[in-house]
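Enquirer: The structure under discussion is supplied below as C-alpha cells; questions concerning it will follow.
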Amino acid sequence: MWHFLMIFFRGFYTLLLHLLLPWILLRLLWRSRLDPEQRQRWQERFGLAPAYPCDGAPTLWIHAVSVGEVQAALPLITALMQHYPSHSLLITTTTLSGSKQLHRVLKNTVRHVYLPYDLPWSMRLFLQRQHPSLLLLIETELWPNLLYQCHAHHIPCFLLSARLSARSARRYGYFGGLTRELLQQLTHIAAQSQADAQRFLALGARQVTVTGNLKFDMSIPEHLPEQARLLRAQWGSRPIWIAASTHEGEETLLLTVHAQLLQQFPQLLLILVPRHPERFDRVAQLCQQKNFAYCRRSQTQSSPCHSDVSVYLADTMGELLLLYHMADIAVIGGSFIEHGGHNPLEPALAQVAIISGCSVFNFAAIYNELQQAQAVIFTKNTSELLSNVILLLSNAALRQQYAQRAYAYVLSQQGALARTLNVIQAAPVATDTTAKNARYF
C-alpha cells in the first residue's frame, strides 16, 4: 500500500513543482538583478549540462547544496581524488555561492554543474548526460525524484555526514510509510551521531552507520593564519568581534549591542557577515541608517580598515574562516531567531571564543557537547549578549580558555573522513544502466 501511496505522493509533488516552476524562475531572475551570475548556466537547472562521454572514466558524483556543505565535502573530495585517480569527480551544488566556493578552492580540478530542479525529466536528462556511477549526498538532502531516478537506474546513493534533528524527525514522521519508502531508496546512511542514526532508523532507514561529522575533519590552509595575522596588523591593536552568518532581524540586534559596546570600548570593530549575498546591500543601508562608520570588504580588500571605521561589512564569499582568525570573539548568527543556528566548528578551529543564541536545533549535538566542555556561551537576549561580550573583551585569559576548549573539542572529534571512506569502499558494485560500461571503484 505504501508503495502506491509513494507513487501518488511523488506524482502530486511533481505536479506541484511544475506549477511552482514559473515562480521559481521569476525568483531566479529577480535575484539576478544584483548578481547576473544567478541567471547564467540556467540550462543546467533542467539537466542540460554539457554531456560527459559515456565511455569516459567512471564518475563519482557528490552533491553539496551550498557553502557549508561544500566546505564539509572538501576533505572527502580531496581524499577521493587521491584514492581513485582514474575516476572523474562531478560536484553539484544548488547555490551560486556554493559553486563559487568550490571553484575558489579546487579551480578546474573537478567538474561542476548545478543540480537540476527535482523534476523527473530533468533528473533523467542529467543522468543520461553525466553517467554517474555513484551519488554521495552531503548532510540531509532527500529529493524524491532525485532518489527515485537514481534507484531506477541502479545508482547507489549514500547520505554522508547525515544529520536529522528531533524537530525534522517529527515532521518526517507525519508521513510514516512515505518517509520509509524514501529512506529505503538510499544505499547507506552515514550519520553524524548516534542520536541522528536512531532517528533515521526509527523512520525506516535500513543501512545506517555512525561515522561522525565530516566538518570536524576540515583543515585550515597553511597560508591562512599568516594571511590573517598580516591583515590584522594593518588594522592595529583594536579589539575585534565577528557576527557571522546573520539573518534578517539579527543585524539590528547586533548593531544595537555594538553601539553600546563602543561606549566602553571606543576602538572596537565589528565584522558583520550576513548569511546571504543578496542581503549585503540591505545590511549596508542599515549600517548607514544607524550612523555607523562602516566599510565593505569587497571595496577595501587591498587597503587597511581605518581606525574611524567601527563596522566592517564582509560582503564577499568564501572568506569566513579567514575572518574568524582575525577576531577575538565570534557570535554565531541564525541563533537569535528561530532558525536553528549555524556551524560553530570554524570559529572553534580558528581558536576564537564562541557566543551563540539559544536557537541551535540544526547543530544540537555539537552545541550540547560544546556546552558540556565549557566551550560556548549561550545568550538569551540582548542584555545577556552585551554583558557576555563585555566579559570576554575585558578578560583575555577567559577568552583564551573558551577558545582552547572549543579547539580541543574539535580535535577530539576528528576521524569521520576515514570512517566515511570505509563505508563507501565497502559498497557493492554499481550497475549503471545509463552508461555503456557500468564501472564503480
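Enquirer: Please give the net charge around Ser307, taking every other residue with its beta carbon less than 14 angstrom from that of Ser307, where Lys and Arg add +1 and Asp and Glu add -1. Walk me through the numbers on the way to the answer.
Expert: Values: positive: Arg232, Arg238; negative: Asp308.
Result for the neighbourhood of Ser307: +1.
Enquirer: Around Gln149, under 11 Å between beta carbons, what's the net of Lys plus Arg minus Asp minus Glu among the other residues?
Expert: On the way: positive: Arg10, Arg124; negative: Asp118.
For residues surrounding Gln149, the net value is +1.
Enquirer: Another one. Once you sort the root eigenvalues of the Cα gyration tensor of segment 150-192 as a ≥ b ≥ c, which label holds: rounded (a/c under 1.5), prolate (a/b larger than b/c) or oblate (the other case)?
Expert: oblate
Enquirer: Among the aspartates and glutamates, which fall within straight-line cross-link reach of Lys215, defined as a Cα-Cα distance under 18 Å, with same-chain neighbours fewer than 8 residues apart omitted?
Expert: Glu69, Glu139, Glu141, Asp196, Glu319, Glu346, Glu369
Enquirer: Assigning unit charges at the beta carbon (Lys, Arg +1; Asp, Glu -1) and nothing else, what dipole magnitude in debye, to the nearest 20, does the chain show about its Cα centre?
Expert: Details: 36 positive and 27 negative charges, 115 e Å.
In debye, rounded to 20, the chain gives about 560.
Enquirer: Could you sort the peptides 77-85, 235-243 by per-residue average Cβ neighbour count (10 Å cutoff), highest mean leading? If you can, show how the numbers build up before the last one.
Expert: On the way: 77-85: 14.6, 235-243: 18.9.
Put in order of decreasing packing, that is 235-243, 77-85.
Enquirer: Another one. Which longest run of the chain has no exposed loop site in it, a site being trypsin sites (Lys or Arg not before Pro) in a DSSP loop with at most 11 other beta carbons within 10 Å, and the site itself not part of the run? Can you show the working numbers first?
Expert: Values: sites that count: Arg33, Lys107, Lys380, Lys436.
Between exposed loop sites, the widest span is 108-379.
Enquirer: Sticking with this structure for a sec: Could you give P(r) for segment 142-229, binned at 5 Å from zero, as whole percent values over all Cα-Cα pairs?
Expert: Distribution as computed: 3, 14, 20, 21, 14, 9, 6, 5, 5, 3, 1 percent.
Enquirer: Still on this structure: Between segment 183-240 and segment 29-72, how many Å separate their Cα centres?
Expert: 22 Å
Enquirer: Continuing with this model, one more query. Express the relative contact order of the chain as a whole percentage, based on alpha carbon pairs under 8 Å and six or more residues apart in sequence.
Expert: 15 percent.
Enquirer: Quick check: the distance between the Cα centres of segment 77-115 and segment 278-334, to the nearest angstrom?
Expert: Segment 77-115 and segment 278-334 have Cα centres separated by 29 Å.
Enquirer: Please give the per residue volume of the convex hull enclosing the alpha carbon atoms of segment 48-127, rounded to a whole number of Å³. Let's see the in-between values first.
Expert: Working: hull volume 7.1 nm³, N = 80.
Taking the convex hull of the Cα positions in segment 48-127, it is 88 Å³ per residue.
Enquirer: Which net charge results when you count Lys and Arg as +1 and Asp and Glu as -1 among the other residues whose beta-carbon is under 9 Å from that of Ala191?
Expert: Net local charge, Ala191 excluded: +1.
Enquirer: Most mobile of Ser307, Ser122, Ser412 per a Gaussian network model of the chain (Cα springs, under 10 Å)?
Expert: Ser412
Enquirer: Can I ask one more? By its C-alpha gyration tensor, with a ≥ b ≥ c as the square roots of the eigenvalues, how is segment 313-357 shaped: rounded for a/c under 1.5, else prolate for a/b larger than b/c, else oblate?
Expert: Working: a/c = 1.96, a/b = 1.30, b/c = 1.50.
Taking the square roots of the gyration eigenvalues as a ≥ b ≥ c, segment 313-357 is oblate.
Enquirer: Right, something else. Taking Rh as the Kirkwood radius, which is the inverse of the mean 1/r over Cα pairs, what is the Rg/Rh value for the chain?
Expert: Working: Rg = 22.6 Å, Rh = 23.1 Å.
Rounded to two decimals, Rg over Rh is 0.98.
Enquirer: Additional query: Expressed as a whole percent, how much of the Cα-Cα distance distribution for segment 253-411 exceeds 27 Å? Mind showing how you got there, number by number?
Expert: Working: 2489 of 12561 pairs.
That tail contains 20 percent of the Cα-Cα pairs.
Enquirer: In what order, largest first, do Asp196, Asp281 sit by accessible area if the probe radius is 1.4 Å? Mind showing how you got there, number by number?
Expert: Numbers: Asp196 10, Asp281 65 Å².
Ranking Asp196, Asp281 by accessible area, largest first, yields Asp281, Asp196.
Enquirer: Please check: in the Gaussian network model of the chain (C-alpha springs, under 10 Å), which one of Pro347, Pro120, Pro156 has the largest mean-square fluctuation.
Expert: Pro120
Enquirer: To continue, here is another question. Please build a GNM for the chain, connecting alpha carbons under 10 Å apart, and tell me which residue among Leu90, Leu398, Leu102 fluctuates the most.
Expert: Leu398
Enquirer: Tell me, what is the percent relative contact order of segment 174-230, built from C-alpha pairs under 8 Å that lie six or more residues apart?
Expert: Working: 50 pairs, mean separation 19.2, N = 57.
34 percent.
Enquirer: Would you mind pulling out the separation of the Cα centroids of segment 122-154 and segment 366-423, in Å?
Expert: What the calculation gives is 37 Å, centre to centre.
The values are calculated or read from the model by the stated rules, or taken from the named source; none is laboratory data. Quick caveat: nothing in here was measured; it's all calculated off a predicted structure. Cβ: placed from backbone, ideal geometry, glycine included. Neighbour counts: every protein chain shown. Keep in mind that these areas ignore ligands, DNA and RNA; they rest on the heavy atoms of the full protein, side chains included. Shrake-Rupley method; radii C 1.70, N 1.55, O 1.52, S 1.80 Å.
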